[in-house]
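Chemist: Submitted below is the structure of interest, expressed as C-alpha cells.
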Amino acid sequence: MTIFRPMAWSLSIKLPVIVCLVVVGVAAVIGAGVVGKDRIELREALSDNARLLARWVAASAAEPMLRDDSWSVYRILRQVTFEGGGGETEVVTAMVLDREGKVAAHLQPGENPIGLPLVVHGDSEAKLLAAALGAHAPMVHEDEDGKFVEGVAPVFAGGKYVGVVRVRLSTRQLTEATREAALVVLALALGLAALGSLVGIRLSLGAVRPLRRLADAMALLGQGDHAPVSIKGGDEIAQLGESFNQMAAEVAEKQRLERELAQSEKSAALGRIAAGVAHEVNNPLAGILNCLSTIKDHPEQPDLVTRYLPPIEKGLHRIRAIVQDLLVEQRAEHASELCGPECLDELRDLIIAEIEGAGITLDWDNRVHAPVQVNRPRLQQAVLNLLKNAAQAMPDGGCLKFSASLDGGLLRMEIEDTGIGIAEEDLRHIFDPFFSSKKSGTGLGLWITLRLLNSMGGGVEVTSEPGKGSIFSLHVPVEGEGHGPAQQ
C-alpha cells in the first residue's frame, strides 16, 4: 500500500506533511528547551529552600541542644513543617542528630526514638547519613531516584560542633510543574501542527496544480499532442512551463521535419529501386525483343526459333529472378515459432551441397542448444543468403566458418570466409539495392538480407580485407528461457 511508502506519495500530500513535521519538530525542540530550563530553575529553587530551612533550624536549635532540650528542638522542626516549609506535604521529613548520629529530634519520633541511633534503610540512606555527619557547611543532597532533595546544615553551639540538621523536601511539586509545562508545549505543538498543515495545503495548491498540468501535458506530448500549457505567474514553475512550451514546439517541428525527411528518403529509395528494376529488367527484355523481332522478320528461316529460344528463355528467367528477389520479404511468413538447433543445422546441409566440389571446407559451430522463439523463414533466408555469398567469394576454394550462440536475449551469428574480400570503397554500398561486384548478380541479395534482419529487430556488421576475406556478424532478438520477446 502506498500509505506505507512515503516516497510514493503525491506532492500534494508530501508538502503539507513536511511543513507540519518541520513546525512540530521546531516547536518540540523549543518546548523541550523551555521545559528543561524551567525544571532546572525549579530544582535550584527547591535546593536553595532546603538549604535555607536547614540553616534556619540549625541556628534555632543550637541553644536547646546545649540544654539537651529535645522538646524545644522538636517544636522547631514542627514549626519548619507548617510555616517555613510552605505546607505539610512539601516537607518529607526533618531531623536533628547529635554529633554521634543519635536522634535529638525527629518528625517521626515513633519510628526514630530520641537518644537512639537513626534507623537507616538501605545503602543509599547510609551514604546520605555519612555525608550529613561529615558536613561542616550547609549543603544539598539528592536521592538516587530524584524523589526529594535534602538540605544539610551543621549545628554549632559555643563554637563547638554539636550535631547536624537534615530537612528533606519533596520533588512532587517540581514534577507536577514540569508535567504541566510539557502539556502546554504539547498543546502549542498541536496548534502549530494544525497551522502548519493549513499552510502546507495552501502551498501545495499553489505549487502542485501547475506541476500537475505540466505532468499531464508531458504525458500528452508523449502521445503526439504538442498543445502548450498555460501557467500564470513569474516564479520558477511558470518559467518551467515556458520552457516546456518551447520544448513542445521544438519537438513538433522536429517530428515534422523527420516525417518530411522520411518521406523524401522513402521517395528517393523507391526512385532508386524503380530505376534499378527498370535497368535490370530492360537489359534482358531488350534482348528478348531483339530475338523475337529477328524471328518475325525472317519467317523463312525456322532454324532461328531454335537458335534464339535459349537466350529468350534465359532472359525471362533473369526477369523472374529479379521479381522473386523483390518479393522475397512478402513471401516470408510473419509469425515466429519455437526453433531448436536444427533451425540452423538445416542450412549446413544446404550449403554443403552448394560448395561440393568447389574446394571449400566448412567449419560449423552451432552452440545454440535451447529452443528460441524466432521468425524461422526470415532467419534461414538471411543466413543462407550470406552463406551463399561467402561461398561465391571463394572461386578458388577456401574455408567457410559459421558460428552461432545466445548472448542474453540476442542470437549472435558470424559468417567468415577466406575469399577475395570487399574493397573499402564498396563496403558502404554493399547493402544498396542493385549494387553488385559480381557480373552475374542482381545486386538484391544483401539488400534483402538486411531488410529481413531489420524486420526481426536485428542487424548485421561487416569487416573485410581485400585478398583475405570477409566477416559478417549478425544479431537477432529472440524469445526463450530468460530472453525477451523477439521482434516480428
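Chemist: Kindly establish whether L42 is out of contact with any helix residue (DSSP H, G or I) (no Cβ under 7 Å at 6 or more places or on another chain), closer than 21 Å to G146 by Cβ, surrounded by 12 or more Cβ atoms within 10 Å (Cβ to Cβ) and touching a residue at least 24 places away in the same chain (Cβ under 8 Å). Before the answer, list the steps.
Modeler: Values: out of contact with any helix residue (DSSP H, G or I) (no Cβ under 7 Å at 6 or more places or on another chain): no; closer than 21 Å to G146 by Cβ: yes; surrounded by 12 or more Cβ atoms within 10 Å (Cβ to Cβ): yes; touching a residue at least 24 places away in the same chain (Cβ under 8 Å): yes.
It is false that L42 is out of contact with any helix residue (DSSP H, G or I) (no Cβ under 7 Å at 6 or more places or on another chain), closer than 21 Å to G146 by Cβ, surrounded by 12 or more Cβ atoms within 10 Å (Cβ to Cβ) and touching a residue at least 24 places away in the same chain (Cβ under 8 Å).
Chemist: Identify the single condition in (1) out of contact with any Asp or Glu (no Cβ under 8 Å at 6 or more places or on another chain); (2) at pLDDT below 80; (3) surrounded by fewer than 17 Cβ atoms within 10 Å (Cβ to Cβ) that P485 does not satisfy, given that it satisfies every other one.
Modeler: P485 satisfies all of (1) out of contact with any Asp or Glu (no Cβ under 8 Å at 6 or more places or on another chain); (2) at pLDDT below 80; (3) surrounded by fewer than 17 Cβ atoms within 10 Å (Cβ to Cβ) except (1).
Chemist: Please state which one of R202, R179, R166 is exposed (fewer than 12 other Cβ atoms within 10 Å of the Cβ) and more than 29 Å from the chain's Cα centre (by Cα).
Modeler: R179
Chemist: If a residue must be more than 21 Å from E465 (Cβ to Cβ) and in a strand (DSSP E or B), how many such residues does segment 366-423 contain?
Modeler: The qualifying residues number 11.
Chemist: Another question about this same structure. Would you check if there is a residue in segment 364-377 being surrounded by 15 or more Cβ atoms within 10 Å (Cβ to Cβ), more than 40 Å from the chain's Cα centre (by Cα) and free of Cβ contacts under 8 Å to residues at least 40 places away in the same chain?
Modeler: Looking for residues that are surrounded by 15 or more Cβ atoms within 10 Å (Cβ to Cβ), more than 40 Å from the chain's Cα centre (by Cα) and free of Cβ contacts under 8 Å to residues at least 40 places away in the same chain, one finds at least one in segment 364-377, hence yes.
Chemist: Moving on. Considering only segment 415-423, I want to know if a residue exists there that is surrounded by fewer than 17 Cβ atoms within 10 Å (Cβ to Cβ), small (G, A, S) and more than 26 Å from G359 (Cα to Cα).
Modeler: The answer is no, given that none of the residues of segment 415-423 is surrounded by fewer than 17 Cβ atoms within 10 Å (Cβ to Cβ), small (G, A, S) and more than 26 Å from G359 (Cα to Cα).
Chemist: What pairs can you find where one residue is in segment 450-468 and within 16 Å of R412 (Cβ to Cβ), the other is in a helix (DSSP H, G or I), and their Cβ atoms are less than 6 Å apart, with a gap of 6+ or different chains?
Modeler: L453/A382; M456/R378; G459/L453; V460/L453
Chemist: When the residues of segment 279-321 are filtered to those that are modelled with pLDDT under 75 and either under 14 Å from L444 (Cα atoms) or of a type in the set (K, R) (or both), which remaining residue is nearest to the chain's Cα centre (by Cα)?
Modeler: The residue in question is A321.
Chemist: Okay, moving on. Within segment 452-474, take every residue that is crowded, with 18+ Cβ neighbours inside 10 Å and more than 12 Å from L386 (Cβ to Cβ) and give me the one that is modelled with the lowest pLDDT.
Modeler: M456
Chemist: Given the options G33, G25, G101, name the one that is surrounded by fewer than 18 Cβ atoms within 10 Å (Cβ to Cβ), within 24 Å of V120 (Cα to Cα) and at pLDDT 75 or above. Before you say what the answer is, go through the steps one by one.
Modeler: Working: G33 fails: within 24 Å of V120 (Cα to Cα); G25 fails: within 24 Å of V120 (Cα to Cα).
Just a single option satisfies the conditions, and that option is G101.
Chemist: Give the residue that is modelled with the lowest pLDDT, with candidates limited to residues of segment 137-152 that are farther than 17 Å from T178 by Cβ and β-branched (V, I, T). Outline the logic, then answer.
Modeler: We begin by selecting, within segment 137-152, every residue farther than 17 Å from T178 by Cβ; these are 137-141, 143-144, 150-152.
From what is left, the residues that are β-branched (V, I, T) are 140, 152.
Numbers: V140: 87, V152: 92.
Residue satisfying both the conditions and the ranking: V140.
Chemist: Among the strands (runs of 3 or more DSSP E) contained in segment 128-245, which hold 1 or more residues that are within 21 Å of K37 (Cα to Cα) and of a type in the set (S, T, N, Q)? Working first, answer last.
Modeler: Working: elements: 139-142, 148-157, 160-170.
Where strands (runs of 3 or more DSSP E) fall fully within segment 128-245 and carry at least 1 residues being within 21 Å of K37 (Cα to Cα) and of a type in the set (S, T, N, Q), they are 160-170.
Chemist: Can R331 be described as at pLDDT 75 or above and either surrounded by fewer than 14 Cβ atoms within 10 Å (Cβ to Cβ) or within 13 Å of L444 (Cα to Cα) (or both)?
Modeler: No, not satisfied.
Chemist: If you don't mind, another one. Could you check how many residues of segment 136-164 are of a type in the set (A, V, I, L, M) and within 19 Å of I76 (Cβ to Cβ)?
Modeler: 6
Chemist: State which residue is farthest from L107 (Cα to Cα) when the search covers only segment 60-72 and only residues that are in contact (Cβ under 8 Å) with a residue 12 or more places away in the chain and of a type in the set (G, A, S).
Modeler: The extreme case among them is A62.
The values are calculated or read from the model by the stated rules, or taken from the named source; none is laboratory data. It should be emphasised that the depicted structure is a prediction, and the values quoted were computed from it without experimental measurement. Glycine also receives a Cβ, built like all others from the backbone with ideal geometry; neighbour counts cover every protein chain displayed.
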